[in-house]
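A short worksheet on the structure shown next.
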Amino acid sequence: MKPQVKKILQKFSTQKVDLSNLIKQKDAMFKVAQKIVTNSENLLDEFENNKKRADRQIKSLDQMLGKVDNIFNKEYDRVQRAAKEFGIAMNSIPDFEKFFKSYSFIKKKVTELQENIAKYK
């Protein structure tokens, strides 16, 4: 075999080894990339699910607040009529002030919760 041909064959076999190493490295890159992509996709799914959960929770809080409002409004009207009928101030009716403060506290707390949950949507 001529020395030039032998030299070319040696270069070719060396390059072939390098190419096979490139294929292994390509596979390694895809393996790492697949993990990262899968984790990112899972995170996006989790964000989407959390957004849906936040929407459901806000809706649930709205419904609960609607029920609380109904109870408050009925009792407020009843107390207002009684106060008018007896000619007294609403605050002089026993426990009305506690009732009103409780309603105000609940309404404020629910509003805060809704605002805080909405930040994560």
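When only the Cβ of Lys, Arg, Asp and Glu is charged (+1, +1, -1, -1), the dipole of the stretch 30-89 relative to its Cα centre reaches about 80 debye. Paramagnetic label reach from R81 (point 7 Å along Cα→Cβ; backbone nitrogen cut-off under 17 Å): within the stretch 90-119, residues 90. What number comes out for accessible area per residue over the stretch 54-117 if the probe is 1.4 Å? Units Å², please. About 76 Å² of surface per residue is accessible.
Rounded, prolate or oblate: which fits the stretch 49-121, taking a ≥ b ≥ c as square roots of the Cα gyration tensor eigenvalues, rounded meaning a/c under 1.5, else prolate when a/b beats b/c? Prolate shape, in that a/c is at least 1.5 and a/b is the bigger ratio.
Assuming a ≥ b ≥ c are the square roots of the Cα gyration tensor eigenvalues, decide whether the stretch 44-88 counts as rounded (a/c under 1.5), prolate (otherwise, with a/b larger than b/c) or oblate. Prolate.
Counting only heavy atoms of the protein chains and using a 1.4 Å probe, E115 has close to 110 Å² of accessible surface. Of the residues F100, F86, F47, ranked by 1.4 Å probe accessible area with the largest first, the sequence reads F86, F47, F100.
Mind giving me the FRET efficiency for R56 and V32? R0 is 35 Å, r the Cβ-Cβ distance, nearest 0.05 is fine. The pair R56/V32 has a calculated efficiency of 0.45. Look at the dipole of the stretch 43-112 built from charges on Cβ: of Q63, F96, L43, the Cα furthest out on the positive end belongs to F96. Of the trypsin sites (Lys or Arg not before Pro) found in the stretch 50-119, those in coil by DSSP whose Cβ has at most 14 other Cβ atoms within 10 Å are K119.
The values are calculated or read from the model by the stated rules, or taken from the named source; none is laboratory data. All of these numbers come straight from a predicted model, not from anything done at the bench. Cβ: placed from backbone, ideal geometry, glycine included. Neighbour counts: every protein chain shown. Ligands, DNA and RNA are excluded from the accessible area calculation, which covers all protein heavy atoms including side chains. Shrake-Rupley method; radii C 1.70, N 1.55, O 1.52, S 1.80 Å.
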